[in-house]
Structure formats: C-alpha cells, structure tokens
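The values are calculated or read from the model by the stated rules, or taken from the named source; none is laboratory data. The structure displayed is predicted, hence computed values, not measured ones. Positions of Cβ are backbone-derived with ideal geometry, glycine not excepted, and every protein chain shown enters the neighbour counts.
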Amino acid sequence: MTNVLINAPKTAKPGEIVEIKALILHPMETGFRPGTNGKIIPRNIIEHFVATWNGAEIFRMEMSPAIATNPFVSFFAVATESGTIGLRWTGDEGFLVEERVAIAVG
Amino acid sequence: MKIAQVAFGLASVFAATFALAQGAADKRRSGYQDMGEALQKMQDDDTANPGMLFVQLGEQLWSKPAGAANKACADCHASGSMKSVAARYPAIPKDADKPIDLEGRINLCRTANQRAEPLAPESRELLSLAAYVAFQSRGQPIAPPPDPRLGPFREQGGEIYRRRQGQLNLSCAICHDDNAGKKLAGVTIPEAHPTGYPIYRLEWQALGSLKRRLRNCLVGIRAEAYAYDAPEYVALESI
Amino acid sequence: MKIVIPSRADQIRAEARDLSWSLKGPSACGLRVTTMPVTTRRAFLAGATIVCVLPFGPARATPEAMAAAIKEVVGAGTIREGKVKLDLPPLVENGNTVPLTVSVESPMTPADHVKAIHVFNEKNPQPHVFSARLGPQNGRAVITTRIKLADSQKIIAIAETSTGQFFSASADVIVTLAACIEDVT
C-alpha cells in the first residue's frame with residue numbers, strides 16, 4: 001500500500017515561489033546492513049524522484065542509500081500556470097509511485 | 001498521570017501542545033524539550049513527520065471492512081467519535097477484571113465486534129490503527145478513568161518501576177527519576193513519560209508501541225524482557 | 001546518467017565472488033566509459049559511468065573515496081568556497097534520520113542559475129548522499145531532505161552553476177546513539 005504525504009499549496013500567484021514537500025513510506029534498505037542471520041539484507045532504495053509541473057520536469061533528485069528511511073524532500077518551484085504537479089518515485093524492486101496534486105495559479 | 005513526551009522519538013500524537021496542557025506547578029519535563037531544534041521542527045510539521053504516514057494508513061484501515069461481520073471500524077464509530085479515547089487508556093473493559101492498553105482494546109473490538117483475527121502485536125496495521133485513534137486525542141493529558149479497580153495494577157506498576165532488574169541491577173527510577181536531566185553516554189536521560197505512543201522512533205525508523213519501547217529499556221539494562229502479553233507492561237503504563 | 005553506487009546486481013555478484021574487503025576503500029573499481037549521448041536533459045554527470053563493486057560487510061568510505069566521487073562530478077573544474085550553505089545539526093541524536101538543508105545563493109535566472117547540487121559524505125559505506133538537478137524554474141536553490149550518517153563525519157555540498165562554476169560548503173556532524181539500544185549485539 002503506497003503511503004505518501006504531500007504538502008504543496010493549492011493556490012499561488014503567478015511568479016510566486018512555492019515550497020513543495022513530499023514524504024513517502026519506504027524502507028530505504030541500504031544494502032550494507034547484516035540481518036539477524038548475519039547475511040546482508042539486500043539493498044532496496046528509491047533511486048529517482050522527479051517532479052513535474054504540467055508535464056515539464058521541474059526537479060529531479062537521485063537518491064543513494066544515504067537517504068533516510070521514509071524519504072522526505074522539500075524543494076521550491078516558481079508558480080507558472082494552473083494545472084498539476086506530478087511527483088514520481090522509482091527504485092529497486094520495480095518500485096514506482098506516482099502522485100498528482102492540483103494547483104491553481106492566478 | 002503523565003503529560004510529557006519520550007525523547008528521541010517523533011510523536012505523531014500528543015505533539016508540541018503538551019506545553020499548553022501543563023500547568024505552571026507541574027515541573028515535569030517532556031523529552032521533546034531535549035530534542036535538537038531540527039528534530040523538533042520535523043516533529044511539529046504534520047506533513048513532514050514520518051509518524052503521520054502511519055496515522056494516514058490508520059485512517060485508511062479505519063474504513064476497511066474486516067472479519068466475519070464484514071464491518072469497518074467506521075461503521076460503528078463515527079468520525080470524530082474517537083476524541084479523548086486514547087487518553088483514557090489503560091482501562092478495564094466491560095466484563096473484564098484486568099486493564100488493557102489501546103492496542104489491546106483495538107484487538108478486542110476486532111475479535112468481539114468484527115469477528116476477525118486479532119492483529120499481530122507490533123504489526124503495521126495494529127500500530128497504524130492505534131496511531132490514528134491516539135491522534136484523535138492529540139494534546140490531551142493522559143487520564144484513565146478514576147476506576148478503583150485500577151489501584152492494585154497501578155501499585156504493581158509502581159513496584160516494577162522501582163524494582164532493580166537485570167545484569168546492570170538498575171531500576172527504571174534510578175535513571176528516570178533520580179538522574180533525569182543528566183547525561184548517559186552523551187545523551188540526556190528523559191523522565192520517561194509514556195506519552196506520544198505509538199511513537200516513530202528514529203532508532204527504529206518505524207512506528208512502535210510503548211511495549212516495544214519498554215522491552216527496549218529492559219534489554220538496555222540487560223534484563224530479560226517480559227513476554228509480549230505480560231501484564232507488567234500495562235501495569236507500568238498505568239502508573 | 002548513473003550515480004556511482006553499486007546496484008543490487010553488483011552486490012549480488014560481489015557476494016558470489018566472495019571478495020575480501022580492505023579498509024582503504026573500494027577495492028575493485030572499474031572505470032567504464034560509455035558513449036552516452038550527452039543531452040542536456042539527461043546527463044549532468046559527465047558521460048562516464050563508474051561501476052564500483054564495493055565489497056560487502058562493514059566497509060567504510062574514506063575521505064579518499066569521497067574525494068574521488070567529488071572529482072568525478074567536478075572533473076577538472078576548480079571548487080570555490082562560498083554561496084553554498086549547508087545546514088546540519090552539529091550534534092545528532094540519531095544517525096538514522098538527520099535533517100539536512102542545502103541552500104545556494106543564486107539569481108536562478110536562465111542565464112545564471114544552479115543546475116545541480118551534489119552532497120557527499122566521508123564515512124558512510126559509500127560516498128554519495130544525493131544529486132539533484134535544478135533550473136531557473138525552481139526560483140530558489142534550496143533543498144531539504146533527511147540523510148543517514150553512520151558515524152561522526154564531514155558532509156560536503158557542491159553546487160554546479162549554469163556558468164560552469166562549482167561552489168562548495170562543508171559541515172562536521174557529531175553522531176551519537178541512544179543509550180539503551182534495542183538489539184544487544
């Protein structure tokens with residue numbers, strides 16, 4: 001079950017710089033930890049986080065095992081036009097989560 | 001009755017409003033006050049606090065029908081009806097003679113009313129539901145009902161709290177009463193108030209119950225942790 | 001565009017070959033240059049990929065590994081101090097989740113903006129923390145995230161501007177652990 005918390009404003013003035021925060025549930029298993037049986041627990045992380053505004057990429061982050069479990073990202077974007085902010089996380093084990101939030105600019 | 005918070009955790013419940021709930025004469029200190037500023041900020045922001053992911057999950061589970069009765073929690077408990085419920089626990093349920101904690105109460109509903117299998121202890125589902133229910137009591141002081149039957153259990157809890165245990169021969173009171181505020185291994189010893197549970201603890205990178213934390217403490221003093229369903233945990237929570 | 005972290009497949013291959021590990025850092029790194037078309041959208045690391053088959057076990061990156069990772073991003077460019085602010089708590093209660101904010105002074109105009117921010121560490125098992133790609137559409141070159149730190153160490157943030165310049169800042173963090181840990185190991 002995907003579990004995501006997104007904090008983005010619902011409205012903005014044209015040209016306003018808005019903060020977008022996203023938190024997603026994911027173990028971010030580093031691949032360096034031994035389990036209780038002594039064997040290394042295989043790596044399982046989110047590798048890419050991409051944000052788009054009406055389809056155009058506005059932010060991209062490549063994550064490493066050094067990103068904490070349940071990764072949190074906050075970044076800024078200039079509000080240009082009304083539409084949809086898309087957030088996409090992909091990673092190991094075919095992990096893929098996409099979320100959309102609407103924003104009205106005007 | 002304790003209102004403050006355990007240190008080094010991100011409490012998704014009973015958050016910063018503790019300060020408002022405390023009266024001027026109450027000298028108890030929340031672990032929140034010993035957290036670094038960056039962590040306090042992380043806890044205070046509901047959209048950045050990882051514990052809230054579990055509250056959200058609990059909210060989803062609340063509406064999911066379960067069991068032979070095919071009922072969801074929401075079918076009997078209207079939204080908003082869980083306010084103050086978590087603050088009343090541990091309490092003795094109807095027709096019982098021993099107190100149970102919030103997770104115990106949720107499982108009681110599952111088996112008796114939903115006719116479903118009880119959720120496994122420390123399972124994500126049980127913790128998320130407990131987090132969701134506890135979230136409805138956010139900011140409120142823990143206040144179990146003035147049930148005289150709770151007396152002996154509270155006494156038992158107090159006795160366990162003051163009892164020396166384990167290879168290190170320490171009691172809870174020695175660190176958390178006598179030495180609270182001082183440092184242990186570079187870390188400030190909290191007063192160990194049981195608020196904010198289920199808590200997102202950075203060490204666990206997940207949500208966990210008070211029982212898990214108490215077992216953590218017992219292992220820390222090199223004592224044998226009681227069995228998971230042992231009454232000692234509820235007794236400790238009651239004091 | 002690849003980040004220099006061994007993939008799961010690499011780790012499995014390493015386990016199968018039963019590599020011994022050395023404390024001096026990655027013991028088997030091969031430089032593999034791919035002729036990747038360098039499009040402006042896709043490649044902000046220069047078109048060479050390095051596949052490091054890091055040995056498993058409690059291996060630690062070293063300041064040398066971090067320097068190598070930085071060199072790979074910066075190439076022959078000079079790194080200047082300034083413009084970059086790296087916000088990390090100086091003392092961390094738990095290394096599992098450390099809040100980090102990188103902010104870079106920049107007009108963020110199409111002519112002059114931050115196009116990438118890279119963060120590195122010196123004592124985790126591998127030297128990368130994250131790499132982010134930005135542009136004038138961000139308005140502000142400020143990123144906040146949470147990272148894992150295995151030990152007290154230095155963190156370095158490097159900003160790459162559209163004019164081809166590199167700026168950096170570093171922070172030293174002390175990592176402590178809870179007194180009563182859950183697993184008795």
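So which residues in the stretch B:94-110 are in contact (Cβ under 8 Å) with a residue 24 or more places away in the chain and either basic (Lys, Arg) or out of contact with any strand residue (DSSP E or B) (no Cβ under 7 Å at 6 or more places or on another chain) (or both), if there are any at all?
Once the filter is applied, which keeps residues that are in contact (Cβ under 8 Å) with a residue 24 or more places away in the chain and either basic (Lys, Arg) or out of contact with any strand residue (DSSP E or B) (no Cβ under 7 Å at 6 or more places or on another chain) (or both), the stretch B:94-110 yields B:Asp97, B:Lys98, B:Ile100, B:Asp101, B:Leu102, B:Glu103, B:Gly104, B:Ile106, B:Cys109, B:Arg110.
Considering the stretch B:211-239 alone, what residues qualify as being more than 14 Å from every other protein chain (Cβ to nearest Cβ) and not in a loop (DSSP other than H, G, I, E, B)?
Within the stretch B:211-239, B:Pro231, B:Glu232, B:Tyr233, B:Val234, B:Ala235, B:Leu236, B:Glu237, B:Ser238 qualify.
Kindly state which strands (runs of 3 or more DSSP E) lie completely within the stretch C:14-120 and contain at least 2 residues that are modelled with pLDDT of 90 or more.
Qualifying strands (runs of 3 or more DSSP E): C:79-81, C:84-87, C:98-104.
Quick check on my filter: what residues within the stretch B:164-212 are of a type in the set (Lys, Arg) and closer than 21 Å to B:Gln43 by Cβ?
Selection gives B:Arg201, B:Arg212.
Residue pairs, Cβ under 6 Å, 6 or more apart or interchain, first in the stretch B:148-163 and in contact (Cβ under 8 Å) with a residue 12 or more places away in the chain and more than 22 Å from B:Ala96 (Cα to Cα), second surrounded by 15 or more Cβ atoms within 10 Å (Cβ to Cβ) and of a type in the set (Asp, Glu). List them.
B:Ile160/B:Glu232
Tell me which residues, restricted to the stretch A:79-91, are surrounded by fewer than 19 Cβ atoms within 10 Å (Cβ to Cβ) and either in contact with a Lys or Arg (Cβ under 9 Å, 6 or more places away or on another chain) or assigned to a loop (DSSP other than H, G, I, E, B) (or both).
A:Thr80, A:Glu81, A:Ser82, A:Thr84, A:Gly86
Mind checking which residues of the stretch B:173-204 are within 13 Å of chain C (Cβ to nearest Cβ), farther than 18 Å from B:Gly58 by Cβ and in a loop (DSSP other than H, G, I, E, B)?
B:Asn179, B:Ala180, B:Lys182, B:Ala185, B:Gly186, B:Ile189, B:Pro190, B:Ala192, B:Leu202, B:Glu203
Restrict the check to the stretch B:79-86 and report whether at least one residue is over 21 Å from B:Ile142 (Cβ atoms) and in contact (Cβ under 8 Å) with a residue 24 or more places away in the chain.
No, there is no match, as no residue in the stretch B:79-86 is over 21 Å from B:Ile142 (Cβ atoms) and in contact (Cβ under 8 Å) with a residue 24 or more places away in the chain.
Scanning the stretch C:115-140 for residues that are more than 7 Å from chain A (Cβ to nearest Cβ) and within 8 Å of the chain's Cα centre (by Cα), which turns out surrounded by the fewest Cβ atoms within 10 Å (Cβ to Cβ)?
C:Val119
Can you name the condition, by its number, that A:Val18 falls short on among (1) within 14 Å of chain B (Cβ to nearest Cβ); (2) closer than 24 Å to B:Gly58 by Cβ?
Going through the list (1) within 14 Å of chain B (Cβ to nearest Cβ); (2) closer than 24 Å to B:Gly58 by Cβ, A:Val18 breaks only (2).
Can you name the number of the only condition in (1) under 19 Å from C:Ala132 (Cβ atoms); (2) within 11 Å of chain C (Cβ to nearest Cβ) that A:Ala79 fails?
Against the list (1) under 19 Å from C:Ala132 (Cβ atoms); (2) within 11 Å of chain C (Cβ to nearest Cβ), A:Ala79 comes up short only on (1).
Cβ-Cβ under 6 Å, sequence separation 6+ or interchain: first residue in the stretch B:127-139 and over 12 Å from B:Glu59 (Cα atoms), partner surrounded by fewer than 24 Cβ atoms within 10 Å (Cβ to Cβ). Which pairs?
That search, which allows pairs on different chains as well, returns B:Ser137/B:Ser84; B:Ser137/B:Ala87; B:Gly139/B:Thr17.
When C:Asp151 is evaluated against the numbered criteria (1) surrounded by fewer than 20 Cβ atoms within 10 Å (Cβ to Cβ); (2) at the interface with another protein chain (Cβ under 7 Å from one of its Cβ atoms), which criterion, by number, is the only one it fails?
Failing condition for C:Asp151: (2).
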